[in-house]
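Okay, structure first, notes after.
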Amino acid sequence: VDYEGGSIDLTFESNTIQQTAEIQVFEDQVFEGDEALTLVLSVIDASSGATVGTQNTATLVIRENDPNNVPTIGVLSDITIAEDTAVARLALPVADVETPVENLIVRSSSSNTALIDGQGLQHTFKDGAHALALTPLANAFGSATITVEVDDGVDTAQRSFELIVTPV
């Protein structure tokens, strides 16, 4: 949270139509996105302490100004497989400081769609981890650079590895 909550009392003297209330804002260097707080405006009778009239509300938005940490992708080693075989589950070590791993968007692409196309790159999320299944096209061999991208909604990171399919 980038602000200090609480109650602020303002006293309006006769003929006063404007007052300023200060809200303590923290510079914590942690990206949390914009934050909204609700201001409740009411008139309190000084002698009885009772609320007079209707309460009004307003929303104050504190715009995020802390830096976003770029998501990360751990090491992805090159893979060699025989023609007409697949990689059932390649763990994708993705992480982000601010975004839970289940909310990260993971995409991948192939530099050689004659070897492995978009349908041959299937993402899964299971047991708290992202993974990629790789299924090259039938009777295809050669190499492709597979690029994995992770997106936290603000920034993206990429890492690539080589998929080498040997002929049989």
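Does residue 57 qualify as being under 20 Å from residue 3 (Cβ atoms), open to solvent by 90 Å² or more (accessible area, probe 1.4 Å) and part of a loop (DSSP other than H, G, I, E, B)? No. Tallying residues that are open to solvent by 60 Å² or more (accessible area, probe 1.4 Å) and farther than 14 Å from residue 71 by Cα within the range 152-168 yields 3.
Looking only at the range 129-151, which residues are open to solvent by 20 Å² or more (accessible area, probe 1.4 Å), closer than 16 Å to residue 71 by Cα and either assigned to a loop (DSSP other than H, G, I, E, B) or among the hydrophobic types (A, V, I, L, M, F, W, C) (or both)? 129, the sole residue that qualifies. Taking the listed residues 95, 82, 86, the one that is in contact with a helix residue (DSSP H, G or I) (Cβ under 9 Å, 6 or more places away or on another chain), under 30 Å from residue 139 (Cβ atoms), among the small types (Gly, Ala, Ser) and open to solvent by less than 70 Å² (accessible area, probe 1.4 Å) is 86, with no other qualifying. Of all the numbered requirements in (1) surrounded by 10 or more Cβ atoms within 10 Å (Cβ to Cβ); (2) at pLDDT 85 or above, residue 77 misses one, and that requirement is (1).
Cβ-Cβ contacts under 7 Å between residues 6 or more apart (or on different chains), taken from a first residue in the range 45-63 that is on the phi > 0 side of the Ramachandran plot to a second residue that is not hydroxyl-bearing (Ser, Thr, Tyr), are listed as 53/43.
The values are calculated or read from the model by the stated rules, or taken from the named source; none is laboratory data. A quick note: this is a predicted structure, and the numbers were derived from the prediction, not measured. Methodologically, a virtual Cβ is constructed for each residue, glycine included, from the backbone with ideal geometry; neighbour enumeration extends over all protein chains shown. To get the accessible areas, we keep the full protein, side chains included, count just its heavy atoms, and leave off ligands, DNA and RNA. Shrake-Rupley method; radii C 1.70, N 1.55, O 1.52, S 1.80 Å.
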